[in-house]
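The values are calculated or read from the model by the stated rules, or taken from the named source; none is laboratory data. No experiment lies behind these values; they were computed from the predicted model shown. Cβ placement follows ideal geometry from the backbone for every residue including glycine, while neighbour counts extend to all protein chains displayed. Heads up: the accessible areas ignore ligands, DNA and RNA and are worked out on the full protein's heavy atoms, side chains in. Shrake-Rupley method; radii C 1.70, N 1.55, O 1.52, S 1.80 Å.
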Amino acid sequence: MLAVQEIFKHYEGCPLLKGVSFEVAEGETLCLLGTSGSGKSTLLRIIAGLEQAELGRVLWNGEDLAHIPVHRRHFGLMFQDYALFPHRTVEQNVAFGLRMQGLSVVEIQQRVKEMLEKVNMLSFAKRRVTDLSGGEQQRVALARALAPRPRLLMLDEPLGALDRALRTQLIAELRYLLRESKIPAIYVTHDQDEAFEIADRVALLHNGKIVQSGTPAEVYTNPASIWVAEFLGLSNLMLGKVLSLCPLQVKTDFGCWEVGCKAPEGLQIGDRLAILLRPWGASVQTEPGTENVLSGKVVDVVFRGEGYRLVLQCGEVKFQFYCEKPLGVGEMIRLYIPPESVICLNEPSI
Ligand code: ADP
Ligand code: MG
């Protein structure tokens, strides 16, 4: 299907994309995740043909699209700011791309009806788009993007302007529509939760490159770097130096830590190691043992519906965990972190 190969792009002497490559398979929703300013929109514009890369290729089923103009690529685009025609009605907006394709009046009417039904907006067909709420406008924008039956749909932070509750609702509808239509899609966002809700696969863009890609579960379980881990919301980070290998002992800012988890391959004494602790699965340790045990003081406890979030202070460092049972603020505890919640990354650069 779509293959993006070694894309390079500079702006005003600053490199933005430094060899970006990825593929989108048939019927797949790929989520492109990256911080604001990382070049996500630029990449979509290059794929759409609205902008030129300095180097690299965009291929569709093996065909280089370099000389194929925007409208002949048959890619649909949907943006955050809707870009609907304000003085036209809902149905006129959806019909726009179909007229450009040269469909007959009857075909256009049928297609518009079908699309508005899909996004639950049929009863709004005659309304002007300026008389719609933000969520309704986004539904119309989606119907307009899908109506010409694009062979690829690109969505650039489509829900960014909407409030959380509406976003959750729309993303569920969008996921259903994308699965049902089987149109491959690239969904761009800086929001990890949103990406995990909709993606078959995520690709993380950082410093001009795709630093990791995989299913949400794969990247979450095995983040390739500290940046990926922190971007995905894994905030319990310990940095240290390897003291011994069997058992794996690490000198950290708040003392020595004995780690019970899979160590990175080729790890040696003296190496710098980053240890990430997932906030789930921790339990208070009453038996002796020191492996995967954090000693500290409970400094905050908040009820979070599904459990309690507690903050544990170990020396100068604070960690967050979710526990089933509440603990008292001020209590000194020893918290056991199960091996599956401990991630070790060999980071020579730190
Ligand atoms: P994202 O969508 O990830 O937020 P963008 O692709 O919009 O990132 O832009 C990334 C950076 O590239 C921005 O910081 C911006 O300054 C720069 N940029 C984008 N388009 C242009 C342009 N046409 N001219 C100069 N700089 C640009
Ligand atoms: Mg953008």
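Remarks
- 0 to 90° range, to nearest 10: angle between helix 164-181 axis and the chain longest Cα axis: 60 degrees
- The chain - percent relative contact order, Cα under 8 Å, separation 6 or more: 16 percent
- Accessible surface of the chain, 1.4 Å probe, proportion on carbon and sulfur as whole %: 51 percent
- The largest accessible area among His74, His67, His87, His206 belongs to the first residue in His67, His87, His74, His206, and the rest follow in falling order (1.4 Å probe, all chains).
- Among Ala147, Ala195, Ala263: highest mean-square fluctuation, GNM of the chain, C-alpha pairs under 10 Å: Ala263
- For Lys251, the lysines whose Cα comes closer than 19 Å to its Cα, not counting residues fewer than 8 places off in the same chain, are Lys241, Lys262, Lys318.
- Neighbour-limited loop hits for GluC sites (Glu not before Pro), the range 1-103 (at most 16 other Cβ within 10 Å; DSSP other than H, G, I, E, B): Glu12, Glu26, Glu51, Glu54
- Working from label points 7 Å from Cα in the Cα-to-Cβ sense, the Val105 to Lys209 distance is 5.8 nm.
- Loop-located trypsin sites (Lys or Arg not before Pro) in the range 55-129 (DSSP state other than H, G, I, E, B) with a sparse environment of at most 15 neighbouring Cβ atoms within 10 Å: Arg88, Lys126, Arg127.
- Cα gyration tensor category, rounded, prolate or oblate, for the range 109-183 with a/c compared to 1.5: oblate
- Against the chain, whose longest principal axis is taken from its Cα atoms, helix 105-118 shows a tilt of about 20°.
- Sum of -39500 (n - 2.57) over DSSP H runs of 4+, divided by residues of the chain (222 nm, nearest 500): -7500 deg cm²/dmol
- Note on Arg334 and Leu267: their simple-model spin labels are 2.1 nm apart, each label 7 Å out from Cα toward Cβ.
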